[in-house]
1. Which value, in Å³ per residue, describes the convex hull spanned by the Cα atoms of region 26-78?
2. Sorting check: for 30-42, 71-83, which peptide has the highest mean count of neighbouring beta carbons within 10 Å, and how do the rest follow?
3. Is region 1-46 best put as rounded, prolate or oblate by its Cα gyration tensor, with a ≥ b ≥ c the root eigenvalues, rounded for a/c under 1.5, and otherwise prolate when a/b is larger than b/c, oblate when not?
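What follows draws every value from the coordinates through simple rules; no lab data is involved. Here the structure is a predicted model, which means the values were calculated and not measured. Virtual Cβ from ideal backbone geometry, glycine too; neighbours counted across all protein chains shown.
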Amino acid sequence: MGDPLAERAMELLHRESGHYPGDDADKIPDPERFLVYRVSDSEHTIMDREDRRDPELTILTSSLLNPRFCLEGWYSQHVGRLRGYLPREIRKLRTRPRGPVMGIPLGNRVAELLQENGPYEKDLVQYSHPE
């Protein structure tokens, strides 16, 4: 099943690549820029390959499990502070409207896996008889 939370986080972070505080907006974003991985039952780490002066950021897994959590906004705030921007400067740097939220990546992955494998041998739908 992999780590659907990490995969969704990377998808959302890549979507905004080139638009974080301190990014070079003229540079073509690297599609491999972010790596997100689980480090414990309660934490994930975000590694940004764009600027290795920044430390890797740790985020609570419970935040990634929140369907309404806006990861790119959280990441912008944290990386902006690390790069010396004031909160009002970070807000002014936003060139795009707020991005999508985490949603329900675990539920989506389960549905995807079930659909990939087709009907089960004893699935009720397969054995129903027309009246």
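1. 99 Å³
2. 71-83, 30-42
3. Working: a/c = 3.26, a/b = 2.22, b/c = 1.47.
It is prolate, given that a/c is not under 1.5 and a/b is the larger ratio.
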